[in-house]
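The values are calculated or read from the model by the stated rules, or taken from the named source; none is laboratory data. Fair warning: this is a prediction, and the values are worked out from it, not measured in the lab. Cβ placement follows ideal geometry from the backbone for every residue including glycine, while neighbour counts extend to all protein chains displayed. When the accessible area is computed, the model is the full protein with side chains, heavy atoms only, and any ligands, DNA or RNA have been set aside. Shrake-Rupley method; radii C 1.70, N 1.55, O 1.52, S 1.80 Å.
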Amino acid sequence: MKAFTELYSALDQTTKTNEKVNVMVNYFNHINSKDAIWAIALLTGRRPKRPIKTTDMKAWATELAGIPYWLFEDSYDVVGDLAETISLLIPLSESNVEKSLSEVMEEIILIQSKTEEEKKQWLFSFWNSFSKDELFVFNKLITGSFRVGVSQQLIFKALSKTYSIDDKVIAHKLMGAWLPQTSELRELLSDESSSFDDSKPYPFYLAYQLDVPFTDIGSIVDWQIERKYDGIRGQIIVRNNSVHIWSRGEELMTDKFIEFMPLKNILPNGTVLDGEILPFKDKKIMSFNEMQKRIGRKNVSKKTLNDIPLCMMCYDLLEYNGKDIRQLALIARRKLLEELITETNNPLLKLSPLLDCNAWENLDTLRNESKLLGCEGLMLKQKDSIYETGRRRGKWWKWKVDPYTVDAVLIYAQSGHGRRANLYTDYTFAIWDNGELVPFTKAYSGLTDKELIEVDNWIKKNTIEKFGPVRSVKAELVFEIAFEGINASSRHKSGIALRFPRILRWRKDKKKEEINTKEDLLQLLNSVL
Amino acid sequence: MLIQFTNNGIYCRQADVYIDPWKPVNKAIITHAHSDHARTGNKYYLAHKNSESILRYRLGNIVLQTLNYYETININGVTISLHPAGHVIGSAQVRLEYKGEIWVVSGDYKVKNDGYTIPFEPVKCQHFITESTFGLPIYNFPQAEEVNLQLNNWVEENAARGLNSVIIGYALGKAQRILTGLKTDQPVLLHSTIYNTNEALGFDNSRYIKFTPEFKKETLNPGIVVATGSVVGSPWLRRFDPYKLAFCSGWMQLRGARRRRNADKGFVMSDHADWNGLNEAVLATSAENIYVTHGYKSVYSKWLREHYKLNAVEVETLFEGEGIENDSSENVKEEKE
């Protein structure tokens, strides 16, 4: 646990990517393979289920710290992170028992099925034997909030350097479902392993938002242009007469998207499609809101299947006749994809149409149709591009439409978590409704660190009331809020819900009298419907 | 009541003196020279003698009388004396006694010995005014020796990798502790605010290099820079590239505060009392009545009422303690040079 804690601290303390890679290489070079597997699992976001309820942890930590419960809660509000709060409140002990990462993780899995009293004793034995830093990392693992500031690509790079295996192979091998407790390091990473898991997806190739002028990316004839759809990016995998659907968040979605099950008899074995899974009815793409309803349901009923049917808008073919074809040029993959979809001739699978455009200057016109068509913008892909792993610049770009915006006034603030703990950074905004301010959205991100501190200071000086961690403030500061979509909502006081709201800029030049009204948003809502 | 909390500050009517007033008054007793406690515009000042030079340096031409610790003066029947507060050099708790009623105004204080400042001494009283900057049980500061060890290891590690070490702390108090704690052969460069503050304090500057516009990178190669928070994010820092950046503050106990400032390293070094320090200090006064000022005042006064059954209330002041984001108590003119 000591070595892993040191790794965590070192990664936490640097923002330089080279240093992060070096720190990881150093760790993997010195650690046994059992711990290495667990470290890989944890770094790539594979955590065991939370073994202990948060309320129990809070109560037990309070007991061990010898303070009243309200003081624990007040401390937690200030720290903003449960694992850290507990590690700061528990009295440090002198004894220091060294347990390896894999031992700790295996115990975490075992304790899940034990009684409350056993869990408490087990937790106390750890809390009484760790150093402060170890306590913090351990608590993070227990609360299920373990996250490290290191991208997947950097992890793959470090593993590649340590074990001399190509990082793209590693990226692929680490996709999908595998359990650290039953995996062997050699099998897990190396290409030669024979036991290939049928459900294993390929790493997704992701694009950055276009941020270079067209003159820098060459002639439009070398580019394939498609719509950018607003659904769930996914891979449909058919191997060994079974279907597996993975989302880009590496979640297995097969059970939620059951209408695709028949594909096992329709697509040939050894097929992997990359595309956007969309709610689609009456020849039209439905709003993302409908998709969220689908994902939100635990069980998919007949009615849901009827009301919100899905299809995949296919835009790439990664595996064909059991062969990985990611190294073929896009134009060649596209040809195979077209043949396959045409042959299949099934409404579940649609081909993402290619857009015709003869000059970069005319592309904006196409982009501006996006919202009407229920799309997010355009995708530009170089025709000779291979299918890369992860997010990369250069060969693929997304060119999203500009977001909607609204001017609103800040009325509530709450302190943030993690990096923003102890700073008022979570805001609730209001707009006018018949001469009254009504709250209508929250937004977190978008301000610079400097602005955050300025707003934080302002909030502390202009608080009207405190309710727990929330403060109501004088309605004065105006912000421009950007958002991607708008829906009617019965759950919100204002009757509307924004999609992906964030702060675009602080409008110091505007007064609260000049902000938007609910009427404005309702108009927008009606124009979108 | 001998002491009142007024719009101008903490006031003793019988002696007609204010302690650390935030508006100009006739007579002001100053607990210490940080700018949220020592403001300009008062007609007469009274402070500890070790504060004299720094007060004159920061406030300019003032009429100032000084006292030694424990030395008493009498104003209209009120006996006034100053006692070590352990916060920064010359920092004092103010004891006021009139007809058997004893008050202690502690200003800012810390209980742990930092190895540089004259340590805090509890003073028995009936009414104790305490700060609460770190008045939550999450704040448990390590011993000075432990932090110094971490600090020295860090600068050596950086030097071994050819990196400069930039250390950020307040000019008054923190900077002298950092410099006292550093045991290194590396060249040490001081931001001019710190160099000048040292000079005003009579802190030996002979071993340090003062930053001037003629500074050449090779002077360090690699070395240590001690500067105030005002330089963070400014072009001034870029000339020391490649460097690692550390903050010295009690807030560095929290990961969020550390990460928000993009610090490579945070050293938990504070001139305020931590949770146990506050409790220890309050209990040692034997006071029944506790007035909790700047910091987590509502939480801390509730704790004192519930846990120690003390008569504790929170009091609104304009003191700021150790700023978490800005070094407001260092907003003094010489920063701008």
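Taking each residue of region A:151-164 that is among the β-branched types (Val, Ile, Thr) and looking for partners that are part of a helix (DSSP H, G or I) and open to solvent by less than 20 Å² (accessible area, probe 1.4 Å) with beta-carbon atoms closer than 7 Å, six or more apart or interchain, yields A:155/A:24; A:155/A:43; A:162/A:28. Can you find even one residue in region A:248-256 that is on the phi > 0 side of the Ramachandran plot and open to solvent by less than 30 Å² (accessible area, probe 1.4 Å)? No.
Of the residues examined, residue A:387 is not one that is buried (at least 20 other Cβ atoms within 10 Å of the Cβ), under 30 Å from residue A:140 (Cβ atoms) and touching a residue at least 40 places away in the same chain (Cβ under 8 Å).
Pull up region A:4-46, narrow it to residues that are charged (D, E, K, R) and more than 14 Å from residue A:102 (Cβ to Cβ), then point me to the one that is surrounded by the fewest Cβ atoms within 10 Å (Cβ to Cβ). Walk me through it before giving the result.
Filtering region A:4-46 down to residues charged (D, E, K, R) leaves A:6, A:12, A:16, A:19-20, A:34-35, A:46.
Checking which are more than 14 Å from residue A:102 (Cβ to Cβ) leaves us with A:6, A:12, A:16, A:19-20.
Values: A:6: 16, A:12: 18, A:16: 9, A:19: 14, A:20: 23.
That would be A:16.
For region A:457-472, a tally of residues being open to solvent by less than 50 Å² (accessible area, probe 1.4 Å) and touching a residue at least 40 places away in the same chain (Cβ under 8 Å) returns 5.
Among the criteria (1) within 26 Å of residue A:16 (Cα to Cα); (2) among the small types (Gly, Ala, Ser); (3) surrounded by 18 or more Cβ atoms within 10 Å (Cβ to Cβ), the one residue B:233 does not fulfil is (3).
From the list B:167, B:194, exactly one residue is assigned by TED's automatic domain parsing to the domain that holds residue B:151, under 20 Å from the mean Cα position of the chain (by Cα) and either within 19 Å of residue B:242 (Cα to Cα) or in a strand (DSSP E or B) (or both). Which is it? If you could, list the steps in order and put the result at the bottom.
Values: B:194 fails: either within 19 Å of residue B:242 (Cα to Cα) or in a strand (DSSP E or B) (or both).
Sole residue among the options that is assigned by TED's automatic domain parsing to the domain that holds residue B:151, under 20 Å from the mean Cα position of the chain (by Cα) and either within 19 Å of residue B:242 (Cα to Cα) or in a strand (DSSP E or B) (or both): B:167.
Assuming residue A:73 fulfils every condition listed in (1) open to solvent by 40 Å² or more (accessible area, probe 1.4 Å); (2) charged (D, E, K, R); (3) within 26 Å of the chain's Cα centre (by Cα) apart from one, which condition is it? Unmet for residue A:73, out of (1) open to solvent by 40 Å² or more (accessible area, probe 1.4 Å); (2) charged (D, E, K, R); (3) within 26 Å of the chain's Cα centre (by Cα): (3).
Restricting the search to region A:409-439, which residues are open to solvent by less than 10 Å² (accessible area, probe 1.4 Å) and at pLDDT 90 or above?
Applying the first criterion (open to solvent by less than 10 Å² (accessible area, probe 1.4 Å)) to region A:409-439 yields A:409-410, A:413, A:416, A:421, A:423, A:425, A:427, A:429-431.
Passing the criteria: A:409, A:410, A:413, A:427, A:429, A:430, A:431.
Within region B:291-312, the set of residues being surrounded by fewer than 18 Cβ atoms within 10 Å (Cβ to Cβ) and in a strand (DSSP E or B) comprises B:311 only. For region A:207-220, the condition holds for no residue, the condition being that it is within 27 Å of the chain's Cα centre (by Cα) and at pLDDT below 90.
Here residue A:51 clears all of (1) within 14 Å of chain B (Cβ to nearest Cβ); (2) farther than 24 Å from residue B:245 by Cα except the condition numbered (1). Taking residues in region B:69-82 that are farther than 10 Å from residue B:97 by Cβ and polar (S, T, N, Q), and partners anywhere that are at pLDDT 95 or above and open to solvent by less than 10 Å² (accessible area, probe 1.4 Å), the pairs with Cβ atoms closer than 6 Å and at least 6 places apart or on different chains are B:76/B:15.
Could you check how many residues of region A:473-485 are open to solvent by 10 Å² or more (accessible area, probe 1.4 Å) and either modelled with pLDDT under 90 or touching a Ser or Thr at 6+ places or on another chain (Cβ under 7 Å) (or both)? I'd like the intermediate steps shown before the answer.
So the first thing to find is which residues in region A:473-485 are open to solvent by 10 Å² or more (accessible area, probe 1.4 Å), and the list is A:474-477, A:480, A:484-485.
The next check asks that each one be either modelled with pLDDT under 90 or touching a Ser or Thr at 6+ places or on another chain (Cβ under 7 Å) (or both); those that pass are A:480, A:484-485.
Qualifying residue count, region A:473-485: 3.
Of the strands (runs of 3 or more DSSP E) lying entirely inside region A:137-249, those carrying at least 1 residues that are basic (Lys, Arg) and closer than 26 Å to residue A:313 by Cα are A:223-229, A:232-239.
So that you can scan it fast, the table gives a plain yes or no per residue for (1) more than 21 Å from the chain's Cα centre (by Cα); (2) open to solvent by 50 Å² or more (accessible area, probe 1.4 Å):
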| site | (1), (2) |
| --- | --- |
| B:39 | no, yes |
| B:55 | no, no |
| B:58 | no, no |
| B:62 | yes, no |
| B:72 | yes, yes |
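Has region B:112-129 got any residue that is closer than 30 Å to residue A:69 by Cβ and open to solvent by 40 Å² or more (accessible area, probe 1.4 Å)? Yes. Within region B:142-164, take every residue that is touching a residue at least 40 places away in the same chain (Cβ under 8 Å), within 14 Å of chain A (Cβ to nearest Cβ) and farther than 30 Å from residue A:65 by Cα and give me the one that is surrounded by the most Cβ atoms within 10 Å (Cβ to Cβ). So, considering only residues that are touching a residue at least 40 places away in the same chain (Cβ under 8 Å), within 14 Å of chain A (Cβ to nearest Cβ) and farther than 30 Å from residue A:65 by Cα, the one surrounded by the most Cβ atoms within 10 Å (Cβ to Cβ) is B:158.
Here is a list: B:27, B:43. Which entry is assigned by TED's automatic domain parsing to the domain that holds residue B:92, of a type in the set (Lys, Arg), surrounded by 13 or more Cβ atoms within 10 Å (Cβ to Cβ) and at pLDDT 95 or above?
B:27
Residues of region B:313-336 that are modelled with pLDDT of 90 or more and outside any strand (DSSP E or B): B:315 alone. Within region B:303-320, work out how many residues are within 13 Å of another protein chain (Cβ to nearest Cβ) and touching a residue at least 24 places away in the same chain (Cβ under 8 Å). Number of matching residues: 5. Please work out if residue A:511 is open to solvent by 80 Å² or more (accessible area, probe 1.4 Å), at pLDDT 85 or above and either among the hydrophobic types (A, V, I, L, M, F, W, C) or closer than 29 Å to residue A:76 by Cα (or both). No; evaluated as a whole, the condition is false for this residue. Restricting attention to region A:1-40, and to residues there that are assigned to a loop (DSSP other than H, G, I, E, B) and within 14 Å of chain B (Cβ to nearest Cβ), which single residue is nearest to the chain's Cα centre (by Cα)? The selected residue is A:15.
Please note which strands (runs of 3 or more DSSP E) are completely contained in region A:353-430 and include at least 3 residues that are more than 14 Å from chain B (Cβ to nearest Cβ) and over 17 Å from residue A:275 (Cα atoms).
Details: elements: A:375-382, A:390-400, A:404-415.
It comes to A:390-400, A:404-415.
Restricting region B:86-141 to residues that are β-branched (Val, Ile, Thr) and part of a loop (DSSP other than H, G, I, E, B), the residue that is nearest to the other protein chains (Cβ to nearest Cβ) is B:138. Here residue A:120 does not qualify as away from chain B (no Cβ under 14 Å) and either open to solvent by 50 Å² or more (accessible area, probe 1.4 Å) or of a type in the set (Phe, Trp, Tyr) (or both). Filter region A:76-94 for residues that are more than 9 Å from chain B (Cβ to nearest Cβ) and open to solvent by less than 10 Å² (accessible area, probe 1.4 Å); which is nearest to the chain's Cα centre (by Cα)? So the residue we want is A:83. Filtered by the rule that a residue be touching a residue at least 60 places away in the same chain (Cβ under 8 Å) and open to solvent by 20 Å² or more (accessible area, probe 1.4 Å), region B:262-290 gives B:265, B:268, B:276, B:280, B:284, B:286, B:288, B:289.
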